[in-house]
Amino acid sequence: MALPAGVIETDALVIGAGPVGLFQVFQLGLQEVQAHVVDALPTPGGQCIELYADKPIYDIPALAVSTGRELVDKLMAQIAPFNARFHLGQVVTTLQKQDDGRFLVETSRSARFLAKTIFVAAGVGAFQPRTLHVDGLAAFEGTQLLHSLPDASVCANRNVVIFGDGDEALEWALKLCAANADGHPHKAKRVTLVHRRDAFSAAAQTVERFRALVSQGRMQFVPGQALGLETVQDRLTGIQVLDADGQTRTLPLEMLLVLQGLSPKLGPVAQWGLDMERKQLQVDTEKFSTSEPGIFAVGDINTYPGKKKLILCGFHEATLAAFGAMPIIAPEKKVLLQYTTTSPKLHKLLGVETQKLA
Ligand code: FAD
């Protein structure tokens, strides 16, 4: 079959770089399969990074305690020898079976893969920014509307309105405002923070610093909700806000930062024609195959009798899914269970020296 230009052929595509997707890469690596991994987020780690990066986990076998971030760092180090290719910051949108049995997969950034096997490790869905529901806003995405900030330079000398109440929103408000006071080259001209009410979920210390700057008149706080946009030609010039007194007012702006955190959206996974039960993919417990042979589902996204949404359970599922996929990836290959302690072949794959057992 002639391949359309730019399509990446692979034995295995892992959808989701949460802890289970990462361990899937490891288990495939032990089977000599190099994986491509796609995730909606800009960094690997899934819920561990997005929801509890600095909180302790106590039930990972042999790790008495580790934070979400430490666990992800360890998993990344563990999979390093297998050279997985990461495609981050993009959502897998479509998945179609081809006549030759492989799957054509496309992402929101137009990356395309032709994969012999798919491992859906999509957890509770693709993490996407919580945006404002205002008509016409999407047209400014990436130019005057940002859901995350690479650095302060994009707001230099600009009139900035920020929506949000958490650490990210308040810390950026402080940074852009402090830059103002310190004569920083990337200072914003004016910073206004908008949130539904005068209560914030950011750390107490951050809220305290924020309130101090507001009371000094160095930044503005407007309790309210977004109603509509004001534009001049193709430029966003202001946002209408319904304030706490029921009045509509317009906040002029040059940059709009919507920093309201991320929420997972199951989204495309539900449209791939796979059997589902209550928003989860049904799998067998021998190979963790979905209703479509060649597509496996591991971690929080799957369901089966007795399913527990725990990282440890996902690790087990990923192990059996890797074994289960081998007859499809390499039908001619005899797959034997080998121990990482004693197998010279696995040592070679892992890039470690074989130690003689006493
Ligand atoms: P996730 O971690 O959800 O990762 C899925 C990834 O897939 C995400 O990064 C997402 O962006 C991506 N994705 C989804 N759809 C797409 C798509 N279409 N395209 C591209 N990318 C996509 N478990 C424990 O075992 N012990 C604990 O102590 C523990 N504590 C927890 C504390 C909290 C507060 C929470 C919320 C959960 C906790 N859990 C704990 C549960 C644990 O985090 C999950 O079981 C685990 O994260 C599941 O891993 P996963 O890889 O299946 O999915």
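Cross-link list 287/333; 116/307; 307/345; 279/307; 116/333: which exceed 22 angstrom alpha carbon to alpha carbon? Table pairs above 22 Å Cα-Cα are 116/307; 307/345.
Amide H contacts for residue 296 (H built 1.01 Å from N in the peptide plane; partners 5 or more residues away or on another chain; cut-off under 5 Å): 118, 119, 120, 290. Taking the charge dipole of the chain about its Cα centre, with +1 at Lys and Arg Cβ atoms and -1 at Asp and Glu Cβ atoms, the residue from 193, 236, 293 reaching farthest to the positive side is 193.
GNM on the chain, alpha-carbon springs under 10 angstrom: the most fluctuating residue among 118, 49, 57 is 57. Between residue 335 and residue 208, the simple label model (points 7 Å from Cα in the Cβ direction) yields a spacing of 5.6 nm. Mean projected area of the Cα convex hull of the chain, taken over all directions, amounts to 23.5 nm².
Note that segment 306-318 has calculated 3J(HN,Hα) couplings of x, 4, 10, 7, 10, 4, 4, 5, x, 5, 4, 4, 5 Hz, one per residue in order, obtained from phi through the Karplus relation 6.51 cos²θ - 1.76 cosθ + 1.60 (θ = phi - 60°); glycine and proline are x. Could you calculate the FRET efficiency of residue 74 with residue 215 from 1/(1 + (r/R0)^6), where r is the beta carbon distance between them and R0 is 51 Å, rounded to 0.05? So, using R0 = 51 Å, E works out to roughly 0.70. Helix 167-182 sits at what angle to the longest principal axis of the chain, using alpha carbons and giving 0 to 90 degrees rounded to 10? Its long axis makes an angle of about 50 degrees.
Between residue 63 and residue 348, the distance separating the two model label sites (each 7 Å from Cα on the Cα→Cβ line) works out to 3.0 nm. If R0 is 25 Å, what FRET efficiency do you get for residue 242 and residue 108 from their C-beta distance, rounded to 0.05? So, using R0 = 25 Å, E works out to roughly 0.20. Available extension along the chain between residue 230 and residue 355 is 38.1 nm, counting 0.36 nm per residue and deducting the alpha carbon span.
Qualifying GluC sites (Glu not before Pro) in segment 262-341, where qualification requires a DSSP coil assignment and no more than 12 other C-beta atoms within 10 Å, comprise 286, 332. The ratio of the alpha-carbon radius of gyration of segment 1-78 to the globular-protein estimate 2.2 N^0.38 Å is 1.29.
Each Lys and Arg Cβ is given +1 and each Asp and Glu Cβ -1; about its Cα centre, segment 102-199 then shows a dipole of about 320 debye. Loop-resident trypsin sites (Lys or Arg not before Pro) (DSSP state other than H, G, I, E or B) in segment 228-324 with no more than 13 further Cβ atoms inside 10 Å of their Cβ: 278, 279, 308.
About the centre of its Cα atoms, the chain shows a dipole size close to 360 debye [charges on the beta carbon of Lys, Arg (+1) and Asp, Glu (-1) only; nearest 20 debye]. Identify which of 19, 56, 150 has the largest mean-square fluctuation in a Gaussian network model of the chain, with springs joining Cα atoms closer than 10 Å. Largest GNM mean-square fluctuation: 150.
Summarising the amide proton neighbourhood of residue 41: residues at separation of 5 or more, or on other chains, whose placed amide H is nearer than 5 Å comprise 89, 90, 127. With neighbours defined as other Cβ atoms within 10 Å of a residue's Cβ, the residues 8, 311, 328, 162 order from fewest to most as 8, 328, 311, 162. Across segment 55-60, coupling constants 3J(HN,Hα) worked out from phi with the 6.51/-1.76/1.60 Karplus curve, θ = phi - 60°, read 9, x, 10, 10, 10, 8 Hz, and Gly and Pro carry x. Relative to the Cα centre, the charge distribution of segment 160-288, modelled as +1 at Lys and Arg Cβ and -1 at Asp and Glu Cβ, gives a dipole magnitude of about 400 debye. Note on residue 197 and residue 286: the extension gain reaches 27.0 nm, defined as 0.36 nm multiplied by sequence separation minus the Cα-Cα distance. Computed from the Cβ-Cβ distance with R0 of 25 Å, the FRET efficiency linking residue 94 to residue 275 stands at 0.85. In percent, rounded to a whole number, the relative contact order of segment 241-358 is 14, using alpha-carbon pairs under 8 Å and six or more apart. For residue 123, nonlocal amide neighbours, meaning residues 5 or more places apart or on other chains whose placed amide H falls under 5 Å from its own, are 300, 301. Over segment 82-226, the pair-distance histogram of Cα-Cα distances with 10 Å bins from zero comes to 9, 31, 25, 18, 12, 4, 0 percent, rounded to whole numbers.
Structure remark: mean-square fluctuation, Gaussian network model of the chain, C-alpha springs under 10 Å; the largest value among 274, 336, 310 belongs to 336.
The numbers here are math on the coordinates, done by the rules we state, and not lab data. All figures in this text were calculated on a predicted structure; none of them were measured in a lab. Reconstructed Cβ throughout: ideal geometry from the backbone, glycine too, with neighbour counts over all protein chains shown.
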